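Input: a single structure, listed below in structure tokens.
The values are calculated or read from the model by the stated rules, or taken from the named source; none is laboratory data. Since the structure is predicted, the reported quantities are computational estimates derived from the model, not experimental observations. Note that each Cβ is placed from the backbone with ideal geometry, even for glycine, and that neighbours are counted across all protein chains shown. Remember, those area values only see protein heavy atoms, side chains included, never the ligands or the DNA or RNA. Shrake-Rupley method; radii C 1.70, N 1.55, O 1.52, S 1.80 Å.
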Amino acid sequence: MAVPFATGDYTARMRRVVDSATAAGLDGVLVTPGPDLVWLTGYQPTAITERLTMLFLTREHEPTLLVPTLERPDAAAAPGTADLALTDWRDGADPYAAASTLLRPAARYGVSDSAWALHLLALQHLMPSARFASLTQALAMMRAVKDENELARLAAAGAAADATYLEILKVRFAGRKERDVAGDLADLLLGFGHEQVDFTVVGSGPNGANPHHEAGDRTIEEGDAIVLDFGGLMSGYGSDTSRTVSVGEPSARVREVHEIVRLAQQAGVDAVRPGGACQEIDRAARRVITEAGYGEQFIHRTGHGIGVTTHEPPYMVEGEEQELVPGMCFSVEPGIYLAGEFGVRIEDIVAVTDDGGRRLNSTSRSLQIVE
């Protein structure tokens with residue numbers, strides 16, 4: 001069971017963000033409802049509406065959360081708001097005027113990506129000399145390095161996804177529709193402790209050549225290779241794993257491609273080490289696939305960060321020179337996609353350790369045969 005985050009955990013995160021913002025040349029950070037606000041305060045409004053909710057993190061003021069008056073009780077009850085100033089505005093008042101009193105008119109602020117254009121444009125109108133930058137660009141690593149409690153939650157989510165995979169191997173595939181198997185995956189994720197299912201990709205036969213195929217009405221056939229990619233949130237942290245199975249005996253070509261992807265995935269995991277660059281993981285996995293003659297069929301990055309969302313920085317892709325730091329967690333998921341035939345992808349979540357990387361998924365990466 002996940003250990004609850006304490007008020008001090010959230011306070012430390014807010015202090016760290018202010019320090020990081022200063023180092024990045026920002027005068028502060030503005031956070032609206034979404035994953036950043038949950039991570040910083042534990043607060044998620046019941047409904048995200050046009051009413052302005054915003055957390056202000058600057059050196060000039062103590063951390064301040066501005067909320068609609070009718071939502072103040074819920075905000076006050078959140079675990080991370082005890083050490084910040086909580087202020088509210090009533091319907092009919094101008095929330096942007098209230099917000100502007102906490103800001104400097106010619107400063108530069110990072111803004112969470114979830115901010116509505118409605119709110120950002122209103123602040124720009126009030127403070128035309130202020131500058132705003134996306135947090136993904138200006139402070140990309142804000143949530144990237146996880147503490148021990150976060151790592152434990154990610155490991156538990158990974159174990160639940162593994163248990164889901166082991167159970168799905170027991171169900172019948174042949175003669176059923178993709179969406180039926182996707183439903184099984186969703187039910188299993190919830191049954192093993194997830195509170196939210198984000199995706200259940202079931203790409204059978206030629207549909208497996210589409211990396212983000214939406215499970216549909218195609219009837220799964222004997223001989224199909226099937227890409228399974230599924231995950232969601234458990235105790236607020238993400239799972240994401242992919243395996244490729246064969247309905248009945250696989251063809252020699254499926255076996256060949258699967259083994260190439262397995263070796264590429266292993267190479268990517270082996271490349272994880274503190275001090276290395278994110279792009280080195282992509283290069284290691286991609287080299288194996290390219291040398292095998294399938295470089296043009298590996299059409300996506302090798303991985304993405306994971307935490308309170310299933311996709312977040314850092315990204316394992318060419319050109320990403322971000323240094324790997326112990327506590328970072330991300331997927332390693334190379335694939336080969338043969339249009340009109342089939343696809344293969346193998347994915348694990350990996351955490352950077354002091355001397356390498358640790359997989360948070362432990363199920364077999366060999367080609368499994370299902371009925």
Scan region 28-54 for residues that are open to solvent by less than 50 Å² (accessible area, probe 1.4 Å) and over 20 Å from the mean Cα position of the chain (by Cα) and report the count.
8
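Confirm whether residue 224 is in contact with a helix residue (DSSP H, G or I) (Cβ under 8 Å, 6 or more places away or on another chain) and at pLDDT 95 or above. I'd like the intermediate steps shown before the answer.
On the way: in contact with a helix residue (DSSP H, G or I) (Cβ under 8 Å, 6 or more places away or on another chain): yes; at pLDDT 95 or above: yes.
Taking the combined requirement at face value, the residue satisfies it.
Those residues that are part of a loop (DSSP other than H, G, I, E, B) and crowded, with 23+ Cβ neighbours inside 10 Å, I need them from region 216-241; list them, please. Spell out how you get there, then give the answer.
We begin by selecting, within region 216-241, every residue part of a loop (DSSP other than H, G, I, E, B); these are 216-218, 220-224, 235-236, 239-240.
If the condition is that a residue be part of a loop (DSSP other than H, G, I, E, B) and crowded, with 23+ Cβ neighbours inside 10 Å, then 224, 239, 240 are the ones that fit.
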Contacts under 9 angstrom Cβ, first residue in region 285-310 being without any contact (Cβ under 8 Å) to a residue 60 or more places away in the chain, partner in a loop (DSSP other than H, G, I, E, B) and of a type in the set (Gly, Ala, Ser), 6 or more apart
285/271; 297/339
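Is it true that residue 179 is more than 23 Å from the chain's Cα centre (by Cα), open to solvent by 30 Å² or more (accessible area, probe 1.4 Å) and closer than 28 Å to residue 10 by Cβ? Break it down into steps so the answer makes sense when it comes.
On the way: more than 23 Å from the chain's Cα centre (by Cα): yes; open to solvent by 30 Å² or more (accessible area, probe 1.4 Å): yes; closer than 28 Å to residue 10 by Cβ: no.
Criteria not met by residue 179.
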Restricted to region 260-305 and to residues being assigned to a loop (DSSP other than H, G, I, E, B) and hydroxyl-bearing (Ser, Thr, Tyr), the residue most open to solvent (accessible area, probe 1.4 Å) is 294
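Inside region 1-14, can you point out the residues that are open to solvent by 20 Å² or more (accessible area, probe 1.4 Å) and either closer than 20 Å to residue 104 by Cβ or in a loop (DSSP other than H, G, I, E, B) (or both)? Spell out the reasoning first.
Narrowing region 1-14 to residues open to solvent by 20 Å² or more (accessible area, probe 1.4 Å): 1-9, 12.
Selection gives 1, 2, 3, 4, 5, 6.
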Criterion first (among the hydrophobic types (A, V, I, L, M, F, W, C), surrounded by 15 or more Cβ atoms within 10 Å (Cβ to Cβ) and not in a loop (DSSP other than H, G, I, E, B)) does residue 140 satisfy it?
no
Report, by residue number, each residue of region 69-90 that is over 23 Å from residue 16 (Cα atoms), open to solvent by less than 50 Å² (accessible area, probe 1.4 Å) and under 29 Å from the mean Cα position of the chain (by Cα).
71
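Taking the criterion of being in a loop (DSSP other than H, G, I, E, B), within 24 Å of residue 140 (Cα to Cα), among the basic types (Lys, Arg) and open to solvent by 50 Å² or more (accessible area, probe 1.4 Å), would at least one residue in region 106-127 satisfy it?
Taking region 106-127 first, the residues in a loop (DSSP other than H, G, I, E, B) are 106-107, 112-116, 127.
Okay, now just the ones that are also within 24 Å of residue 140 (Cα to Cα), so 106-107, 112-116.
Narrowing the set further to residues that are among the basic types (Lys, Arg) leaves none.
No, region 106-127 contains no residue that is in a loop (DSSP other than H, G, I, E, B), within 24 Å of residue 140 (Cα to Cα), among the basic types (Lys, Arg) and open to solvent by 50 Å² or more (accessible area, probe 1.4 Å).
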Give me the pairs: first residue in region 342-367 and closer than 13 Å to residue 265 by Cα and in contact (Cβ under 8 Å) with a residue 12 or more places away in the chain, second residue open to solvent by 50 Å² or more (accessible area, probe 1.4 Å) and in a strand (DSSP E or B), beta-carbon distance under 6 Å, and six or more apart or on different chains, which are they?
348/359; 350/359
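Tell me, which residue of region 359-371 that is under 20 Å from residue 301 (Cα atoms) and of a type outside the set (S, T, N, Q) is surrounded by the most Cβ atoms within 10 Å (Cβ to Cβ)? Before the answer, list the steps.
Looking only at region 359-371, we keep the residues that are under 20 Å from residue 301 (Cα atoms), and these are 359-361, 365.
Narrowing the set further to residues that are of a type outside the set (S, T, N, Q) leaves 359-360, 365.
Details: 359: 16, 360: 24, 365: 21.
So, considering only residues that are under 20 Å from residue 301 (Cα atoms) and of a type outside the set (S, T, N, Q), the one surrounded by the most Cβ atoms within 10 Å (Cβ to Cβ) is 360.
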Give me the residue from region 333-355 that is open to solvent by less than 10 Å² (accessible area, probe 1.4 Å) and not in a strand (DSSP E or B) and, out of that set, farthest from residue 205 (Cα to Cα).
334
